[in-house]
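Each remark here refers to the structure printed beneath this line.
The values are calculated or read from the model by the stated rules, or taken from the named source; none is laboratory data. Fair warning: this is a prediction, and the values are worked out from it, not measured in the lab. Every residue, glycine as well, gets a Cβ built from its backbone with ideal geometry; the counts of neighbours run over all protein chains shown. To get the accessible areas, we keep the full protein, side chains included, count just its heavy atoms, and leave off ligands, DNA and RNA. Shrake-Rupley method; radii C 1.70, N 1.55, O 1.52, S 1.80 Å.
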Amino acid sequence: MLFVSPRFLFPADCGGKIRTRDILRGMKGGRFEITLASPAPPEAQRRFAGELARACDRFVSWPEPRPGLLRELKRWLALWSRHPVAVASDGSATGRAVLAAELATGYDVVVADFPHAMILLPSRLPCPSVLFTHNVEAEIFRRHATVARNWPYRTVWQVEAWKMQRFEHAAARAVDSLVAVSERDGGHFERICGGERVTVIPTGVDLDYFTFDDHESAVPADGGTVVFTGSMDWRANVDGVGYLMDEIWPRIVRARPRARMIVVGRSPPKALVQAARDRGLAWTFTGFVEDIRPYVRDSHVYVIPLRVGGGTRIKAYEAMAMGRAVVSTSIGVEGLPVTPDREYVCADAAESFADAVIRLLEDAGARRRLAAAARALVERNFSAHVAAAIFEEACLRAIVRASSSGRALAPA
């Protein structure tokens, strides 16, 4: 198997990387010898040798673009590309050459991790192909357009959504098999490329790593600790945390003036951090951390205030696995088979979201009931090992299904 990712997987500091890492770990030593291919920063193979060894049998790479003015200029120029910016930015002539040479050595199957990876692959492939979709990408873009605050940004997002839909649909029709991460996403892709080619895997959680902990600290009078985890260089998370700060948090602190908020995730925008400081909020932005678990364990309520997103939210299952009560918008748990008021509290309006957080901070029994039910659900259905086994079977079926015609993979 040649497994192509458009980004280096380590550290696994966001949901997509975590899901891919766990799938690869689960398949390692199974039916496939796995070659992982991706861009990589300098010294990556030395710094992350242990992580790579647990995820693949062999790793090939090309230089990862360095952040800076040149990279930002490339993204701006991509606005005029026929491909969406998110896809065009992952293009690499060096990467395409590396992968073409690798494919020439002979593989049984190639996996594209996210549609973005397809821009790196040749238009004709000598082996069966699988697309691993973590989201419905075009839907995320349309939601960004919906919440954009002014018409220029809204127009840009609408155009990008149209380009992404075109690219994503062509990609789905081109592959021999497609893996989706929720029944909702699976139904979407079935309408595009046919149900016989679509496999849905559950969102898997490493339950040995995210262990249950029901011994929370006492909630201070008029206080309590609320936590959010997620990469803060992803626009959906930035929008959600901004929404929490602007519209939800003022309601919470009116009732619980000593409440604290912890935002755990890499690269929080300076403007957002400064806004919290200017307002005198009891907010902490941790930036990148090696391990989110201490922050989740030290909290009383876990929040997912997302208004934009797609796929499934692995962060929700991680919090549930650790025994923390979750308050989320509908989009925050979209694609997850969880029941409101049994495994989590659903709140889409700012007022109801704040009320739910306040109520849980005041009611330890309610927190414990939600946490116990959620952990039980995750234990029954969402082990990372189960997800990896289903993924492996999907790749084997792609080999059986594929013809020798070598039809195009990359969208036109």
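Go ahead and run the numbers for FRET between Ala49 and Arg191, Cβ-Cβ distance against an R0 of 45 Å, rounding to 0.05. So, using R0 = 45 Å, E works out to roughly 0.55.
Provide the percentage of antiparallel DSSP beta bridges, counting only those with both residues in the chain; round to the nearest 5. Show your work: numbers first, answer last.
Working: 2 of 45 bridges.
Here the antiparallel bridges make up roughly 5 percent for the chain.
Note on the range 132-222: Cα-only Rg and Dmax are 19.1, 58 Å. Highest average first, the peptides 97-107, 233-243 ordered by how many other beta carbon atoms sit within 10 Å of their residues are 233-243, 97-107. Segment Asn381..Glu72, full-extension length gain: 107.1 nm, with 0.36 nm per residue of separation and the alpha-carbon distance subtracted. Rg then Dmax, both in Å and based on the Cα atoms of the chain: 21.4, 69. Quick check: Cα centre of the range 162-190 to Cα centre of the range 199-248, how many Å? So the two Cα centres are separated by 28 Å. Just how many % of Cα pairs in the range 1-59 lie over 13 Å apart, if you round to the nearest whole percent? For the range 1-59, the fraction of Cα-Cα distances above 13 Å is 57 percent. Charging the Cβ of each Asp and Glu at -1 and of each Lys and Arg at +1, and nothing else, the dipole of the chain about its Cα centre rounds to 860 debye. The string of couplings for the range 205-220 from the Karplus curve (6.51, -1.76, 1.60, θ = phi - 60°) is 10, 6, 6, 6, 8, 8, 7, 6, 9, 9, 9, 7, 6, 5, 7, x Hz, one whole number per residue in order, with x for Gly and Pro. Modelled spin-label separation between Arg369 and His215, with each label point placed 7 Å from Cα along the Cα-to-Cβ direction: 2.6 nm.
Taking a probe of 1.4 Å, how large is the accessible area per residue of the range 290-386, in Å²?
Numbers: 3400 Å² over 97 residues.
Dividing the accessible area of the range 290-386 by its residue count gives 35 Å².
Rolling a 1.4 angstrom probe over the chain with all protein chains present gives an accessible area of which 52% lies on carbon and sulfur atoms. Computed from backbone phi with θ = phi - 60° and the Karplus coefficients 6.51, -1.76 and 1.60, the 3J(HN,Hα) list for the range 40-45 is 8, x, x, 6, 4, 5 Hz; x is used for glycine and proline.
Listed by chain and number, the aspartates and glutamates whose alpha-carbon sits under 20 Å from that of Lys28, ignoring those within fewer than 8 places in the same chain, are Glu51, Asp57, Glu102, Asp108, Asp113, Asp206, Asp208, Glu392, Glu393. Spatial offset of the range 326-387 relative to the range 1-28 amounts to 26 Å, using the alpha carbon center of each.
Between the amide H of Phe8 and any residue lying 5 or more places away or on another chain, no distance stays under 5 Å, with hydrogens modeled in the peptide plane. Spin-label pair Asp57-Ala271: with each label point 7 Å from Cα along the Cα-Cβ axis, the two points sit 4.9 nm from one another.
If each residue of separation counts as 0.36 nm, what is the full-extension length gain between Phe288 and Arg258 once their alpha-carbon separation is subtracted?
Details: separation 30, 0.36 × 30 = 10.80 nm, distance 2.54 nm.
Length gained between Phe288 and Arg258: 8.3 nm.
Taken along the Cα-to-beta-carbon direction at a fixed 7 Å, the label points for Thr339 and Arg401 span 3.3 nm.
Using a probe of 1.4 Å, the accessible surface attributed to Thr286 totals some 40 Å² when neighbouring protein chains are kept in position.
Could you order Arg25, Arg47 by accessible surface area, starting with the largest, using a probe radius of 1.4 Å? Numbers along the way, then the final one.
Numbers: Arg25 75, Arg47 140 Å².
The ordering from most to least exposed comes out as Arg47, Arg25.
Set the Förster radius R0 to 25 Å, insert the Cβ-Cβ distance between Trp80 and Asn150 as r into 1/(1 + (r/R0)^6), and round the FRET efficiency to 0.05.
On the way: r = 21 Å, r/R0 = 0.84.
Computed FRET efficiency for Trp80 and Asn150 comes out at 0.75.
Taking 0.36 nm per residue of sequence separation and subtracting the Cα-Cα distance, how much length would be gained by fully extending the chain between Ala101 and Trp162, in nm to one decimal? Each step should come with its number before you reach the end.
Values: separation 61, 0.36 × 61 = 21.96 nm, distance 3.28 nm.
Fully extending the segment from Ala101 to Trp162 adds 18.7 nm.
Both radii were evaluated on the Cα set of the range 271-348; the Rg over Rh quotient, with Rh as the Kirkwood radius, amounts to 0.99.
Using R₀ = 25 Å, calculate the FRET efficiency as 1/(1 + (r/R₀)^6) where r is the Cβ-Cβ separation of Ala349 and Leu281; round to 0.05. Each step should come with its number before you reach the end.
Values: r = 21 Å, r/R0 = 0.84.
After rounding, the FRET efficiency stands at 0.75.
With θ taken as phi - 60° and the Karplus curve 6.51 cos²θ - 1.76 cosθ + 1.60 applied, the whole-hertz 3J(HN,Hα) list for the range 171-180 is 5, 5, 6, 7, 8, 7, 8, 10, 10, 10 Hz, x standing for glycine and proline. Under 5 Å from the amide H of Val205 lie the amide H atoms of Ser383, Ala384, each residue being 5 or more positions distant or on a separate chain, with H modelled from the backbone and absent for Pro and chain starts.
Two numbers describe the Cα atoms of the range 24-150: Rg and Dmax, which are 16.6, 51 Å. Solvent-accessible area of Lys74, all protein chains in place: 90 Å² (probe radius 1.4 Å, heavy atoms, ligands and nucleic acids excluded).
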